[in-house]
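Q: Below is the structure I would like to discuss, written out as structure tokens.
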Amino acid sequence: MTMNGLSKMAATALLLVLAIIPATIAETYTVGDTQQWASNVDYTEWVKGKTFRVGDILEFKYGLSHSVDVTTKAGYDNCDSSAATENHSNGDTKIELKTVGTKYYICPTPGHCIGGMKLAVSVVAASSGTPEAPTPPSSTPGTPDAPTPTTPGTPPTTPDSPPADGTPATPTPLSPPPPPSGASKGVMSYVLVGASMVLGYGLWM
């Protein structure tokens, strides 16, 4: 295979990879970005403009005085940690978003949730990673024209072949010779002048 063919194959493979990767790689969001999981952060504002999908990961980074409870809407609204389904306190918690819907998180430390240390994110379905199948061409390839059958025993007619019925071919008239060019006319003039001089000299002798 030539280098040109290998280059085309590599380019095609790269396009396929680029088409699939964005739909298959999960996004990891550090909650609060540089402010992390802490007091006095507006997490309602933090979620704006972000799209959370199934498979994405929320990473909570926090100090010793904080922790993370996964709770219900009632627990989120009332800052009630008794309804928590999960509790994390290792300082760097990564929680995968596994299902579609709104997920709720609070800090159970007294006064922290009421102070705004609570998070609600809406999770949507993951993007489809299946590339679209190429559309087949609308027109079908043309079929070659079938040769015209000939009658058995009849020789094929060519431009130089005589007619089949024995009629002599009409001879093609010969084209008249082209008129002499200017150079030819000049040569003829010199020849005529020379001949006249020779004849004149002969007459005088």
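The values are calculated or read from the model by the stated rules, or taken from the named source; none is laboratory data. If you're wondering where the values come from, they're calculated on a predicted model, not measured in any experiment. No Cβ is skipped: glycine too gets one built from the backbone with ideal geometry, and neighbour counts run over all protein chains shown.
Q: From T99, T93, which residue is over 15 Å from G115 (Cα atoms), within 40 Å of the chain's Cα centre (by Cα) and part of a loop (DSSP other than H, G, I, E, B)?
A: T99
Q: With respect to Y76, determine if the residue is closer than 22 Å to K50 by Cβ, assigned to a helix (DSSP H, G or I), among the hydroxyl-bearing types (S, T, Y) and within 47 Å of the chain's Cα centre (by Cα).
A: Answer is yes for this residue.
Q: Any idea which of A126, A120 is in contact with a Lys or Arg (Cβ under 6 Å, 6 or more places away or on another chain) and either modelled with pLDDT under 95 or within 20 Å of T44 (Cα to Cα) (or both)?
A: Numbers: A120 fails: in contact with a Lys or Arg (Cβ under 6 Å, 6 or more places away or on another chain).
Criteria check complete, one pass: A126.
Q: Here's a follow-up. Restricting attention to segment 58-67, does a residue exist that is within 25 Å of A26 (Cα to Cα), assigned to a strand (DSSP E or B), polar (S, T, N, Q) and free of Cβ contacts under 8 Å to residues at least 60 places away in the same chain? Lay out the reasoning, then the answer.
A: Of segment 58-67, the ones within 25 Å of A26 (Cα to Cα) are 58-62, 67.
With assigned to a strand (DSSP E or B) added as a condition, the list becomes 58-61.
Filter once more, keeping what is polar (S, T, N, Q): none.
No.
Q: Just the residues that are among the polar types (S, T, N, Q), on the phi > 0 side of the Ramachandran plot and at pLDDT 95 or above, please, taken from segment 16-63.
A: Within segment 16-63, just Q36 meets the criteria.
Q: Let me ask something else about it. Condition test on F60, is it within 31 Å of the chain's Cα centre (by Cα) and not charged (D, E, K, R)?
A: Considered against the rule, which asks whether it is within 31 Å of the chain's Cα centre (by Cα) and not charged (D, E, K, R), F60 comes out as no.
Q: Considering only residues of segment 68-116 that are of a type in the set (V, I, T) and farther than 18 Å from Y43 by Cα, which is surrounded by the fewest Cβ atoms within 10 Å (Cβ to Cβ)?
A: T99
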